[in-house]
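These notes concern the structure reproduced below.
The values are calculated or read from the model by the stated rules, or taken from the named source; none is laboratory data. Values in this document were obtained by computation on a predicted structure and should not be read as measured data. Neighbour counts run over all protein chains shown; Cβ positions are idealised from the backbone, glycine included. Surface accessibility is based on the protein's heavy atoms, side chains included, excluding ligands, DNA and RNA. Shrake-Rupley method; radii C 1.70, N 1.55, O 1.52, S 1.80 Å.
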Amino acid sequence: MRHRQAVTIVALMLTTLAATPVGTESVDWTVVARIREEGLQRSRVMDFESYMTDVLGARLTMSRDMQRAQQWAAAEMTRIGLVNVAFEPFMDYGVTWDNEYVSLHLLEPDYTPMVGYPLAHTTGTNGKVVAEAVIVDVQSRADLERYRGTLRGKAVLVTPPVRINTDAMAVGTPRLTDAELAALERTVIVPPRPVAPRVVRNPDLLTAIEKTAFYAAEGVAVVLQSEGGGVGSVWGFSRPGAREDGWARAGMLASPAIVAVTPEHYNRMHRLVARGVPVKVEVEVRSRIGERVEQAANLIGEIPGTDLKDEIVMIGAHFDTWHASPNSSDNTSGVAVALEAARILKAIGVKPRRTIRVALWNGEEQGLWGSRAYVRRHFGLPRDSLNPPKPAYEKFSAYFNQDYGAGQYRGIYLQGNEAARAMLTAWMEPFRDFGMTTVSNQSVGSTDHVPFDDAGLPGFQFIQDRLPGSAGHTNLDFLETINPSDLMKNAVVMASYAYHAAMADARVPRKSR
Ligand SMILES: [Zn+2]
């Protein structure tokens, strides 16, 4: 009896929620209260975050790791209660690449294990190799002659010693100060970008691709390098030329083994060689390179709309990461927030008028490939005769993205869309106590809301507190970079923005063009 009564009450509440349209610039405080309660008292955001970080790990675009992780995410979306969960392949994306093993040691003059990670899309070493380290400074074609025939079997140190950014040693989650938020709130008129003078490349200078090809042709045992960063941290990036050859198997196999080393270990080797002390290293890298070209896919799921179900509100984040760590902040945290926002809305049983679509993008780190292809295919592009705007273009409301680390939302960037100011400001009101107060006219870039904005569709990033020395893209981006309460609040805010955008009398207005 108690049980049945409870069910009836829930059913009544659901009916009420479904029947309350939200004015364009008003807030549905009843639903906000339920979103806050679900998201702050029964949050699952750290379940998502820790599973992705600890169990799934790094998710390089077009890797077995990524494919396995996407299967988990699809299942999780279904468990949450999203419908139309689907992989959407968007491009032939070369062959898979996964690092399976790396071992790097200084043998002489003083034994120590060293920390390094292979660049993505490079080949491995031929088993365990012991090699003498030499400094190589190849910049011009003339330099090639200086080194030709001298590098076979050597471990070549190809970058100059790096400076360590000690600012990155700070830990914690400092908040944006009032002054910083006020500065963001100030309208900044950005002058039109001056036309950049055409850069004429000195044909004598070698490109990174040409240098890499030279090391391979000379038969080096391994290329060692360091691009700097914070203490103990290695940037995980990609072989020069991988993009140009379309992540091709032949390109990967033809590359030398290239290992990025922590600044401390790299600098020590460099100093020793410069001092004339013989340096011997032992290195082994095994990477698994796929046999055939495969399609990279985005992952999509939906909370279906009701009377306006053809109109779309989107939330999302990029699911792919660089490969040297699980990238707990970049962008595992954005994915956890998007999944949790969707879970909250399903858990409280809202029936949005517009469809709320969750997108977990792929190929972001190499150039926003997934979101760009998605916008082109689903909505079309103005001024692109090959991909003209589709009916869905007019029906689109807004996209909300998270990708500036794992810090708490403190406001939202209008992306220059003054027409959206009233709506986005009104929906912020329930989260003053989170410190979410700032609307900035500024435009920000480098992530998946950009293709929407470029197409003239409302696409937004939240203003976020920054973790100093953010570990994104490095080998050190683990669960320790995460402040759980920040992510809980972010998910609540994202859920509420998605809900209000889905319920408002009008779609989020666009910039006039
Ligand atoms: Zn990112």
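Over the chain, dividing the summed -39,500 (n - 2.57) contributions of all DSSP H runs of at least 4 residues by the number of residues returns a 222 nm mean residue ellipticity of -9000 deg cm²/dmol. Does segment 135-231 come out rounded, prolate or oblate, given a ≥ b ≥ c as the square roots of the eigenvalues of its C-alpha gyration tensor, rounded meaning a/c under 1.5 and, failing that, prolate meaning a/b above b/c? It comes out oblate by the Cα gyration axes. Checking the Cα-Cα distances for LYS351/LYS489; LYS346/LYS489; LYS351/LYS395; LYS309/LYS390; LYS390/LYS489 against a 27 Å cut-off, the pairs over it are LYS390/LYS489. Once you list every other residue whose beta carbon is under 14 Å from the beta carbon of MET66, what net charge do they have if Lys and Arg are +1 and Asp and Glu are -1? Charge balance near MET66 sits at -2. What the chain shows is 43 Å² of accessible area per residue, with the surface traced by a 1.4 Å probe over protein heavy atoms.
For segment 321-329, putting each phi into the Karplus relation 6.51 cos²θ - 1.76 cosθ + 1.60 with θ = phi - 60° gives couplings of 9, 6, 9, 7, 7, x, 6, 4, 8 Hz, in residue order, rounded to whole numbers and with x for Gly and Pro.
Residues ASP178, ASP47, sorted by accessible area with the largest first, give ASP178, ASP47 [1.4 Å probe; ligands and nucleic acids excluded]. Computed with the Debye formula from one identical point scatterer per Cα of segment 271-331, without solvent, the log10 of I(q)/I(0) at q = 0.18 Å⁻¹ comes to -0.97. Other residues within the sphere of radius under 10 Å centred on the Cβ of GLY456, judged by their own Cβ, net out at +2 (K and R +1, D and E -1). Span-like helix check, the chain: qualifying full DSSP H segments, with Cα axial length of 15 Å or more and mean Kyte-Doolittle of 0.0 or more, are 2-19, 334-347, 484-503. For segment 319-415, what does the alpha-carbon gyration tensor say about shape, rounded, prolate or oblate, given a ≥ b ≥ c as the root eigenvalues, a/c under 1.5 as rounded, and a/b over b/c as prolate? Oblate is the answer for segment 319-415, as a/c is 1.5 or above yet b/c matches or exceeds a/b. Only protein atoms count toward the accessible area here, which uses a 1.4 Å probe; on the chain, the carbon and sulfur part of that area reaches 55 percent. Scalar couplings 3J(HN,Hα) for segment 133-139, obtained by applying the Karplus form with A = 6.51, B = -1.76, C = 1.60 to θ = phi - 60°, are 8, 9, 7, 10, 10, 9, 10 Hz; x denotes Gly and Pro. Using 0.36 nm per residue and subtracting the Cα-Cα separation, the extra length available between ALA33 and LYS309 on full extension is 96.9 nm.
Shown are ASP65, ASP320, whose ranking by accessible area with a 1.4 Å probe and every protein chain present, most to least, is ASP65, ASP320. Scaling against 2.2 N^0.38 Å puts the C-alpha radius of gyration of segment 253-293 at 1.64.
The mean sequence distance of close C-alpha pairs (under 8 Å, at least 6 residues apart), as a share of the length of segment 272-405, puts its relative contact order at 33 percent.
Taking amide H atoms as placed 1.01 Å from N in the peptide plane, the amide H of THR321 lies under 5 Å from those of ARG59, LEU60, THR61, each 5 or more residues away in sequence or on another chain.
The alpha carbons of the chain give a radius of gyration and a Dmax of 25.2, 89 Å, in that order. Under the criterion of Cα pairs below 8 Å and six or more residues apart, the relative contact order for segment 365-408 equals 23 percent.
Pairs of Cα atoms nearer than 8 Å and 6+ residues apart set the relative contact order; for segment 198-294 it is 31 percent. Of all lysines in the structure, those lying under 19 Å Cα to Cα from LYS280, and not within fewer than 8 positions of it along the same chain, are LYS128, LYS154.
Sorting TRP72, TRP29, TRP235, TRP247 by solvent-accessible area of protein heavy atoms yields TRP29, TRP235, TRP72, TRP247, largest first, with a 1.4 Å probe. Taking amide H as placed 1.01 Å from N in the peptide plane, VAL220 has its amide H under 5 Å from the amide H of GLY153, each at least 5 places away in sequence or on another chain.
ASP307 sits with roughly 100 Å² accessible to a 1.4 Å probe, with DNA, RNA and ligands left out of the calculation.
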